[in-house]
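The values are calculated or read from the model by the stated rules, or taken from the named source; none is laboratory data. Fair warning: this is a prediction, and the values are worked out from it, not measured in the lab. Here the Cβ positions follow ideal geometry from the backbone for every residue, glycine too, while neighbour counts run over all protein chains shown. Please note that ligands, DNA and RNA were not included when accessible areas were found on the heavy atoms of the full protein model with its side chains. Shrake-Rupley method; radii C 1.70, N 1.55, O 1.52, S 1.80 Å.
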Amino acid sequence: MRYRFWIALASLALLLGMAASSPNADGNDAASAAATAQKLLQAGDFQGAFRAYAEAVRTDAGNQEYRQRYAILRQVISLREQIDQERDPKRFDQFARALHSFYRSEGILGEALKISHELHAKQATPETATMLADLQLELGMNDDAAKILAGYNSGDNPEELHVLYGIALARQGKREQATTQLGRIKLPEGAAPGLCYHVARLQALTGNAEDAQNTLTRVFSATPPSEQEPLRTRAQNCPDFTSLAGSAGFAKALATPSQVKESSCSTGTSCGACPSASACPSSKEGSKKPEKPGVIAH
């Protein structure tokens with residue numbers, strides 16, 4: 001969801017014609033404004049961040065990143081205003097998930113937690129319980145996460161839910177129950193890297209160091225090159241891997257090269273969907289006409 005959300009909004013940014021100032025604008029001033037925008041965004045000041053990005057765009061009209069961030073933030077602010085008045089369940093779900101993805105990608109966890117609570121209150125499904133509990137665990141709200149997940153820990157609910165429940169139990173000091181929970185998890189061939197990552201956390205928490213390292217190797221092998229460094233930082237800072245920190249096996253797992261093909265200039269798997277593919281000198285698809293960019297549903 002996060003990838004689709006960013007692609008949709010980034011594509012929208014490229015289509016917008018925004019007013020620009022002189023080409024001799026000071027790039028340092030623009031960078032300063034953009035940095036201020038990010039700080040304000042992290043503090044939850046969306047309007048302040050929007051004004052700062054507008055200044056960055058005005059000062060450095062040729063910077064595509066600033067233009068995209070400006071357009072994305074404008075869309076986010078619009079969604080924040082609309083969702084409070086939205087009464088259609090389907091549209092509320094679309095808005096909530098788009099905002100949740102943005103908040104998570106930006107590390108604005110307080111806002112992400114709020115929207116997750118609202119979504120779960122309206123739907124109360126295993127999926128929304130998983131979404132909420134995942135955030136609660138990241139924020140150290142282990143008892144809250146365990147309480148929510150306990151009500152869904154049966155039947156054919158998503159494997160991720162069962163894994164997160166095991167993590168919550170382990171963090172509560174209930175290692176035996178967490179180990180039992182781990183025993184019911186079956187990782188299928190081709191399981192998503194995100195699920196494998198959670199399983200590795202639970203394996204580490206229950207004392208299965210070698211299994212955890214092997215699972216992490218699998219995760220990094222299936223992670224695109226451009227996403228490996230953020231994932232590596234995340235794993236190094238994750239408290240669930242404390243027992244592995246400093247070990248040669250953990251270091252080796254984190255250094256696993258990606259087996260995922262990716263274009264050299266972007267985060268896409270190929271040049272086909274890139275709006276700049278036809279003009280990009282590194283594009284292998286050269287003169288092929290780019291695919292029509294998607295737009296977020298409203």
Margin query: Quick check on region 182-197: of everything there that is open to solvent by less than 60 Å² (accessible area, probe 1.4 Å) and among the small types (Gly, Ala, Ser), which residue is farthest from Gly140 (Cα to Cα)?
Written below: Ala191
Notebook entry, point to check: Can we say Leu40 is part of a helix (DSSP H, G or I) and modelled with pLDDT under 90?
Noted result: no
Note to self: Of the residues Thr179, Thr125, only one is open to solvent by 60 Å² or more (accessible area, probe 1.4 Å) and among the β-branched types (Val, Ile, Thr); which?
What the structure shows: Thr179
Check: Does Ala178 satisfy being under 15 Å from Asp134 (Cα atoms) and part of a helix (DSSP H, G or I)?
Finding: no
Notebook entry, point to check: Got a sec? Which of Arg67, Arg74, Arg58 is farther than 30 Å from Ser154 by Cα, touching a Ser or Thr at 6+ places or on another chain (Cβ under 6 Å) and open to solvent by 20 Å² or more (accessible area, probe 1.4 Å)?
Noted result: Arg58
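Yes or no, residue by residue, for (1) farther than 27 Å from Ser116 by Cβ; (2) touching a residue at least 24 places away in the same chain (Cβ under 8 Å); (3) not hydroxyl-bearing (Ser, Thr, Tyr):
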residue	(1), (2), (3)
Tyr53	no, no, no
Thr59	yes, yes, no
Gly62	yes, yes, yes
Ala71	no, yes, yes
Arg74	no, yes, yes
Ser78	no, no, no
Phe95	no, no, yes
Margin query: Looking at (1) closer than 23 Å to Thr215 by Cα; (2) open to solvent by 50 Å² or more (accessible area, probe 1.4 Å); (3) not polar (S, T, N, Q), which one does Lys147 not meet, given that it meets all the others?
Written below: (1)
Item checked: region 247-272, residues that are open to solvent by 70 Å² or more (accessible area, probe 1.4 Å), modelled with pLDDT under 95 and not polar (S, T, N, Q) -> Lys261, Cys265
Notebook entry, point to check: Quick one: how many residues across region 140-157 are outside any helix (DSSP H, G or I) and within 23 Å of Leu109 (Cα to Cα)?
Noted result: 2
Check: Can you name every residue in region 198-232 that is in contact (Cβ under 8 Å) with a residue 12 or more places away in the chain, surrounded by fewer than 22 Cβ atoms within 10 Å (Cβ to Cβ), closer than 15 Å to Phe250 by Cβ and not polar (S, T, N, Q)?
Finding: Gly207, Ala209, Glu210, Arg218, Leu231, Arg232
